[in-house]
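Undergrad: Below is the structure I would like to discuss, written out as structure tokens.
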Amino acid sequence: EPRQGELDFAGTSDQARDLIVFLELCREFGFKIILRPGPWVAAECDNGGIPDFVLKHPENIATNHAGEPVITEPGGGAKPIPLPPYLGNRFQIQLKNYFSVLSEVVKNYIYPRGPVFMIELDHETSYGGHFDPFSADFSAQGSRSQFGRFLAEKCQSTDKLNKVWKSKIKD
């Protein structure tokens, strides 16, 4: 998606983006595919596969526990980039658009009718190579915004929260 809203899986803007022909050739030659559509693919791609326009919006930058951008390296000499907050509203809308268009293209190529036998929705489970929980997304749009809701659902009252966490929170 070189520009927002310009998804081209048919290769009309660039033949190298022709996912349909690639999948057809894989089907014809009997290859099996592990499709890795992202959002983070690493694979020595620019921005790890995340479009430039996504990272231009400040609310699309994840921050760690210290409020600094969560930076990752795609590898293969590609420049380090900040990761987006996976729980952020803007990023969620962008992902929904991307995956809805992608799924329409790929749905006819799922095994046994096609070569795609597995889909890896994100590269690794380490949030861009970050294994330390304090380097995860603590941005206002990220896990920080979801933690209070999680506690409310899990504990249901401050009394239960205090019992579980051995704390003395009043509200």
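Undergrad: Criterion first (loosely packed, with under 11 Cβ neighbours inside 10 Å, farther than 20 Å from E59 by Cα and touching a helix residue (DSSP H, G or I) at 6+ places or on another chain (Cβ under 7 Å)) does D171 satisfy it?
TA: Answer is yes for this residue.
Undergrad: Please determine, by comparing only the residues of segment 61-88 that are within 14 Å of S145 (Cα to Cα) and of a type outside the set (G, A, S), which one is surrounded by the most Cβ atoms within 10 Å (Cβ to Cβ).
TA: Restricting to residues being within 14 Å of S145 (Cα to Cα) and of a type outside the set (G, A, S), the top hit is P85.
Undergrad: Then there's this: Kindly provide the set of residues from segment 70-101 that are out of contact with any Ser or Thr (no Cβ under 7 Å at 6 or more places or on another chain), of a type in the set (A, V, I, L, M) and farther than 12 Å from P39 by Cβ, ordered by number.
TA: Passing the criteria: I71, A78, I93, V101.
Undergrad: K32 is checked against (1) more than 15 Å from D122 (Cα to Cα); (2) surrounded by 13 or more Cβ atoms within 10 Å (Cβ to Cβ); (3) not aromatic (F, W, Y) and fails just one. What number does that condition carry?
TA: Failed condition: (2).
Undergrad: Being of a type in the set (G, A, S), assigned to a loop (DSSP other than H, G, I, E, B) and either touching a Gly at 6+ places or on another chain (Cβ under 6 Å) or on the phi < 0 side of the Ramachandran plot (or both) is the filter here, so list the residues in segment 5-49 that pass it.
TA: S13, G38, A42
Undergrad: While we're here: I'd like the full set of residues that are within 17 Å of A43 (Cα to Cα) and among the small types (G, A, S), limited to segment 58-99.
TA: Passing the criteria: G75, G76, G77, A78.
Undergrad: Follow-up. Out of all the residues in segment 59-72, which are more than 15 Å from the chain's Cα centre (by Cα) and in a loop (DSSP other than H, G, I, E, B)?
TA: N64, H65, A66, G67, E68, listed by residue number.
Undergrad: At least 2 residues that are farther than 30 Å from E73 by Cα and modelled with pLDDT of 80 or more in each: list the helices (runs of 4 or more DSSP H) lying fully within segment 85-171 that qualify.
TA: Passing ranges, in order: 143-155, 158-165.
Undergrad: For segment 99-146: of the residues being open to solvent by 70 Å² or more (accessible area, probe 1.4 Å) and of a type in the set (F, W, Y), which is farthest from I20 (Cα to Cα)?
TA: It comes out as F134.
Every residue, every condition in (1) over 30 Å from F29 (Cα atoms); (2) out of contact with any Leu (no Cβ under 9 Å at 6 or more places or on another chain); (3) in contact (Cβ under 8 Å) with a residue 40 or more places away in the chain; (4) not polar (S, T, N, Q), yes or no:
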position	(1), (2), (3), (4)
Y86	yes, no, yes, yes
S100	no, yes, no, no
E104	no, yes, no, yes
Q146	yes, no, yes, no
A152	yes, no, no, yes
L161	yes, no, no, yes
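Undergrad: What are the pairs, 6+ residues apart or on separate chains, where a residue within segment 19-35 that is within 9 Å of P115 (Cα to Cα) has its Cβ under 6 Å from a residue that is open to solvent by less than 30 Å² (accessible area, probe 1.4 Å) and not in a helix (DSSP H, G or I)?
TA: Pairs that qualify, where the first residue is within 9 Å of P115 (Cα to Cα) and the partner is open to solvent by less than 30 Å² (accessible area, probe 1.4 Å) and not in a helix (DSSP H, G or I), are C26/I33; C26/P115; R27/G114; R27/P115; F31/P115; K32/P115; I33/P115; I33/V116.
Undergrad: Specify which of the listed residues (K96, K79, K56, K107) is within 11 Å of the chain's Cα centre (by Cα) and among the basic types (K, R).
TA: After ruling out the rest, the residue left standing is K96.
The values are calculated or read from the model by the stated rules, or taken from the named source; none is laboratory data. Note that this is a predicted model, so its numbers are computed, not measured. Here the Cβ is made from the backbone with ideal geometry for all residues, glycine too, and neighbour counts use every protein chain on show. Note: accessible area is taken over every heavy atom of the protein model, side chains too, but ligands, DNA and RNA are not part of it. Shrake-Rupley method; radii C 1.70, N 1.55, O 1.52, S 1.80 Å.
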